[in-house]
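Please read the structure below before turning to the comments.
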Amino acid sequence: MSKEYIERAQGLINRHPYLMLSKSWCPDCHYTYEIWNQYNVKEKVHIIELDKFEDQNEADELEKAFTEIAGRKWVPTIFFNGKILGTEEDLKAWTKEGKLTEIFKDSNLIN
């Protein structure tokens, strides 16, 4: 694992309060896009679509770095305020439990 890419990934997490690691073809990512749209917050979430990188070697290294930080290789992986929030599985569970709005409010994504 390249220290340079770990630092780069961590820098992105630190710089963007709401960050989503994604791939444009991923159905789970599209589910998450719909959540952002439902809450009217898509413009607040910085989305990194790894499959859209011109340099796919760079995308692979960045994905490895995010995997190491998150402890799991998965898209979408969502970071809020410098910490891993979870994946679409978590969003689905929180929606079912009626907790998603509260989590978004607690994270200052919505008021």
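Which entry in [x] 26, 11, 11; [y] 30, 21, 12; [z] 24, 15, 12 matches semi-axes √(5λ) of the Cα gyration tensor in Å derived from the coordinates of this structure?
[z]
Relative to the longest principal axis of the C-alpha atoms of the chain, give the angle of the C-alpha long axis of helix 3-15, reported between 0 and 90° and rounded to the nearest 10°.
So the helix axis and the longest Cα principal axis differ by about 30 degrees.
Roughly speaking, to the nearest percent, how much of the stretch 3-107's 1.4 Å accessible area is carbon and sulfur? Numbers along the way, then the final one.
Working: 2790 of 5890 Å².
Result for the stretch 3-107: 47 percent of the exposed heavy-atom area is carbon or sulfur.
How high is the relative contact order of the chain, in percent, counting Cα pairs under 8 Å that sit 6 or more residues apart?
Numbers: 140 pairs, mean separation 37.3, N = 111.
Value for the chain: 34 percent.
Which angle between 0 and 90 degrees, to the nearest 10, do you get for helix 56-70 versus the longest principal axis of the chain when only C-alpha atoms count?
Tilt of helix 56-70: around 60 degrees.
What are the GluC sites (Glu not before Pro) within the stretch 1-95 that DSSP puts in a loop, where the Cβ has at most 12 other Cβ atoms within 10 Å?
Details: sites: E4, E7, E34, E43, E49, E54, E58, E61, E63, E68, E88, E89; in loops: E54.
Within the stretch 1-95, the qualifying GluC sites (Glu not before Pro) (loop, at most 12 other Cβ atoms within 10 Å) are E54.
Could you give the longest part of the chain that holds none of the trypsin sites (Lys or Arg not before Pro) found in DSSP loops with at most 15 neighbouring Cβ atoms within 10 Å? Walk me through the numbers before you get to the answer.
Working: sites that count: R72, K73, K99.
Here the longest run is 1-71.
The values are calculated or read from the model by the stated rules, or taken from the named source; none is laboratory data. What you are looking at is a predicted structure, and each value in this text was computed from that prediction instead of being measured. Because the Cβ atoms are built from the backbone with ideal geometry, glycine has one as well, and the counts that use them run over all protein chains shown. Only protein heavy atoms, including side chains, enter the accessible area calculation; ligands, DNA and RNA are left aside. Shrake-Rupley method; radii C 1.70, N 1.55, O 1.52, S 1.80 Å.
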